[in-house]
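Novice: Okay, handing you the structure first.
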Amino acid sequence: MKVLLAEYTTLHEPELASEGEAMVKTLKASFERLGYEVLSPEKGDFKSEVRRLAGICDYGLVIAPDDLLAGFTQEMECIVHSVGTNSTNAALCANKRLTARLLSDHGIDVPREVTSGPRVIKPIKGVGAKNVRIADEEPGDGEFGQEFIEGDAISVSLIASRVVGEACLWYSGAAPCILAINRQNVEIRDGKMIYHGGTTPIDHPRSEEITAIAEKVVKILGCQGYIGIDMIVGDRIVVVDVNPRITTSLIGIAHLMEEEIGDLLIKASEGLALPPVHLKGTVSFDTHGGIYPE
């Protein structure tokens, strides 16, 4: 049995390559422990490589910046069974402004858009903290401004079973499986937000509210597979980003988890309900694959 792990940045985006490489290394080790042969794109046109390898694999997963994820996923899912989110959902979540509006319409607290004063300026379609800054300036082309919110920067990592698309064949209606609540290590330097990694798992005093909101977000947006939901927790619990893909938190979570992440992804993609996972200990992790016991 073969699995395609198609990670874009390692060969095509040097600024994010270390994170991409660390995530693929974690996933590859898990699938290999399960007995799968893991294939990844080689140098050259990424889309062509995805098509070439998908045809000889049993499962596939694309990891790419949010603005590219939908296109590459669509290429792959037409050929091989995807263990990640579907291309339609990836396209929706890539649009940060549209995602915020849809969540707000369904009662999820999100940052308000603002047009004056110091505010968070971010790309409408971006990845992580890249090009996100706090400034009192007009957003550039393809950017918008949101209120800056004080509080704990956390994320929720979870895996959702099949709910839409080709997955009608695999639909179960199973609730998402919460993997962990993570603390994010985000630095603000000269107004720019820089993500350095985080700590997982954390025991937050509002963990029940946090996970309930994360589950609701998944249902509203139709997310599948591994999802990372970024929040600010202070006086409010505010959802600031939804990443319908593998995120850096996986590095720490997989290190502590008794279960295999590869097994969970495949089972969820086939509509199976996932039991609770077991994480032993707490670690900090960075964007280069480093893991540091707490």
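The values are calculated or read from the model by the stated rules, or taken from the named source; none is laboratory data. Please read these numbers as outputs of a predicted model, since none were measured by experiment. Don't worry about glycine lacking a Cβ; one is built from the backbone with ideal geometry, like all the others, and counts go over all protein chains shown.
Novice: Mind listing just one residue for me: the one in the stretch 136-148 that is modelled with pLDDT under 95 and assigned to a loop (DSSP other than H, G, I, E, B) and, of those, nearest to Arg97 (Cα to Cα)?
Specialist: In this case the residue turns out to be Gly142.
Novice: Show the residue pairs that are 6+ apart or on different chains and have beta-carbon atoms under 7 Å apart, the first residue being within the stretch 262-280 and charged (D, E, K, R), the second being surrounded by 17 or more Cβ atoms within 10 Å (Cβ to Cβ).
Specialist: The qualifying pairs are Lys267/Leu274; Glu270/Trp170; Lys280/Leu256.
Novice: Restricting attention to the stretch 286-294, does a residue exist that is at pLDDT below 95, part of a helix (DSSP H, G or I) and surrounded by fewer than 22 Cβ atoms within 10 Å (Cβ to Cβ)?
Specialist: The answer is no, given that none of the residues of the stretch 286-294 is at pLDDT below 95, part of a helix (DSSP H, G or I) and surrounded by fewer than 22 Cβ atoms within 10 Å (Cβ to Cβ).
Novice: Tell me, yes or no, whether the stretch 157-174 has at least one residue that is farther than 27 Å from Val3 by Cβ and not small (Gly, Ala, Ser). Break it down stepwise before answering.
Specialist: First, pick out the residues of the stretch 157-174 that are farther than 27 Å from Val3 by Cβ: none.
No.
Novice: Specify the residue that is farthest from the chain's Cα centre (by Cα); the eligible residues are those in the stretch 168-218 that are among the β-branched types (Val, Ile, Thr) and assigned to a strand (DSSP E or B). Give the derivation first.
Specialist: Taking the stretch 168-218 as the starting set, the residues that turn out to be among the β-branched types (Val, Ile, Thr) are 178, 181, 186, 188, 194, 199-200, 202, 210-211, 213, 217-218.
Subsequent filtering for residues that are assigned to a strand (DSSP E or B) retains 178, 181, 186, 188, 194, 199-200.
Values: Ile178: 13, Ile181: 13, Val186: 16, Ile188: 22, Ile194: 17, Thr199: 16, Thr200: 15 Å.
Restricting to residues being among the β-branched types (Val, Ile, Thr) and assigned to a strand (DSSP E or B), the top hit is Ile188.
Novice: Go over the candidates Gly126, Gly107, Gly117, Gly84 one by one and state the one that is assigned to a loop (DSSP other than H, G, I, E, B) and in contact with a Leu (Cβ under 8 Å, 6 or more places away or on another chain). Reasoning before the result, please.
Specialist: Working: Gly126 fails: in contact with a Leu (Cβ under 8 Å, 6 or more places away or on another chain); Gly107 fails: in contact with a Leu (Cβ under 8 Å, 6 or more places away or on another chain); Gly117 fails: in contact with a Leu (Cβ under 8 Å, 6 or more places away or on another chain).
Unique residue meeting the criteria: Gly84.
Novice: If you don't mind, another one. Can you work out which of the residues in the stretch 175-192 that are over 12 Å from Ile253 (Cβ atoms) and in contact with a helix residue (DSSP H, G or I) (Cβ under 8 Å, 6 or more places away or on another chain) is surrounded by the most Cβ atoms within 10 Å (Cβ to Cβ)?
Specialist: Residues of the stretch 175-192 that are over 12 Å from Ile253 (Cβ atoms), as a first pass: 175-176, 183-192.
Those still in the list that are in contact with a helix residue (DSSP H, G or I) (Cβ under 8 Å, 6 or more places away or on another chain) too: 175-176.
Working: Ala175: 14, Pro176: 23.
Checked the stretch 175-192; the qualifying residue surrounded by the most Cβ atoms within 10 Å (Cβ to Cβ) is Pro176.
Novice: Out of the residues in the stretch 200-235 that are closer than 18 Å to Ala268 by Cβ and polar (S, T, N, Q), state the one that is surrounded by the fewest Cβ atoms within 10 Å (Cβ to Cβ).
Specialist: Across the stretch 200-235, the extreme among qualifying residues is Thr211.
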